[in-house]
1. Does any residue of the range 218-227 turn out to be crowded, with 18+ Cβ neighbours inside 10 Å and basic (K, R)?
2. Starting from the range 80-107, keep only residues that are under 21 Å from K45 (Cα atoms), then list their pairs with residues that are part of a loop (DSSP other than H, G, I, E, B) and among the basic types (K, R) whose Cβ atoms are within a distance under 6 Å, requiring at least 6 positions of separation or different chains.
3. Among what's in the range 19-48 and is among the polar types (S, T, N, Q) and touching a Gly at 6+ places or on another chain (Cβ under 9 Å), pick the residue that is surrounded by the fewest Cβ atoms within 10 Å (Cβ to Cβ).
4. Do you know which of the residues in the range 82-100 that are of a type in the set (A, V, I, L, M, F, W, C) and more than 22 Å from P119 (Cβ to Cβ) is surrounded by the fewest Cβ atoms within 10 Å (Cβ to Cβ)?
5. Pairs please, first residue from the range 167-190 and on the phi > 0 side of the Ramachandran plot, second anywhere and surrounded by fewer than 24 Cβ atoms within 10 Å (Cβ to Cβ), Cβ atoms under 7 Å, 6+ apart in sequence or on different chains.
6. Could you check how many residues of the range 261-278 are surrounded by fewer than 20 Cβ atoms within 10 Å (Cβ to Cβ) and closer than 21 Å to D27 by Cα?
7. Report whether or not V51 is surrounded by 22 or more Cβ atoms within 10 Å (Cβ to Cβ) and not in a helix (DSSP H, G or I).
8. Is it true that F210 is surrounded by fewer than 24 Cβ atoms within 10 Å (Cβ to Cβ), touching a Leu at 6+ places or on another chain (Cβ under 9 Å) and closer than 20 Å to T253 by Cβ?
Amino acid sequence: MRRMAVKKDGVKSMKQVSCALTIAGTDPSGGAGIHADLKTFQELKSYGMSVITSVVAQNTTGVQAIQHVSLKMIEQQLDSIISDMPIHAFKTGMIANIDMMKLVANKIQEIDAPYVMDPVMVATSGDALIEQDARDFLREHLLPLTSIVTPNIPEAEYLTGETIETVDDMKQAAELIVKKFGAGAALVKGGHLTGEAVDLLFDGSVMHTFSAKRIETKNTHGTGCTYSAAITAYLSQGLPLPDAVDKAKRFVTAAIQYSFPLGSGNGPTNHWATREGEFTHGTNY
């Protein structure tokens, strides 16, 4: 990691700064997308940077409008970061169409750092966030570049073409995403099943299981973004992949447990829920 001089009480000291980049769309309500990613990086003490692909008008009830950033501007944003800033890990979220994906696939090969893909296809509200033909391109051309991909069950079903109804189905999907489609690792998230919230990570050789008590709440807006951003932050700090996922799972579970009942739809998760001494027990803040 890059070492930077930091002044403390007038005396220079050396401190390691971990830098994490997110390439995704916006969420003006603050719960998902770039906004959730940067909040997560900040909470986990990684220096956050962002490249915006699409400006999205959305809130807890759904998506009202989307305007894509020009390819030239996306490329210029990426060039600005790559040419000047250290990147210790990066993630992608909403990349809406094939032209954007081709550009991103080309540019990220200049980055020598772990790549976390959140295969964003549909918002929590059910609104589509990427074009149908772009889903195939994502699977065929971006997926093989990843260090880890983090699909929920509907996304994993699309990526594999298989129905997922059980934990065993999740295991098979995780293995398929790695062995057939070329991802470095696959974390299949079990939030759409019942019982405990079980996530399965296949790293190419070992199947890891991460389990937490299921929290009954509708306030889950931005959970996928937050989870993948937390993994990115921990990878930027040099943690091994299973450890990064384990700590990220704990972070997002707390964010859901103490989520905010804001808005009239699916409220946002709480990105500072893990701060000690600030919360009482209960489902919501």
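What follows draws every value from the coordinates through simple rules; no lab data is involved. It should be emphasised that the depicted structure is a prediction, and the values quoted were computed from it without experimental measurement. Positions of Cβ are backbone-derived with ideal geometry, glycine not excepted, and every protein chain shown enters the neighbour counts.
1. Applying the first criterion (crowded, with 18+ Cβ neighbours inside 10 Å) to the range 218-227 yields 219-227.
Narrowing further to those that are basic (K, R): none.
Checked the range 218-227: no residue is crowded, with 18+ Cβ neighbours inside 10 Å and basic (K, R).
2. Listed pairs, sorted by first residue: P86/R2.
3. Taking the range 19-48 as the starting set, the residues that turn out to be among the polar types (S, T, N, Q) are 22, 26, 29, 40, 42, 46.
Okay, now just the ones that are also touching a Gly at 6+ places or on another chain (Cβ under 9 Å), so 22, 26, 29, 40, 42.
Working: T22: 27, T26: 22, S29: 21, T40: 30, Q42: 15.
Going through the qualifying residues, I end up with Q42.
4. Filtering the range 82-100 for residues of a type in the set (A, V, I, L, M, F, W, C) gives 82, 85, 87, 89-90, 94-96, 98, 100.
Filter again for more than 22 Å from P119 (Cβ to Cβ), leaving 82, 85.
Numbers: I82: 15, M85: 12.
Going through the qualifying residues, I end up with M85.
5. G182/L143; G182/P144
6. Number of matching residues: 6.
7. Numbers: surrounded by 22 or more Cβ atoms within 10 Å (Cβ to Cβ): yes; not in a helix (DSSP H, G or I): yes.
When the stated conditions are applied, V51 passes them.
8. yes
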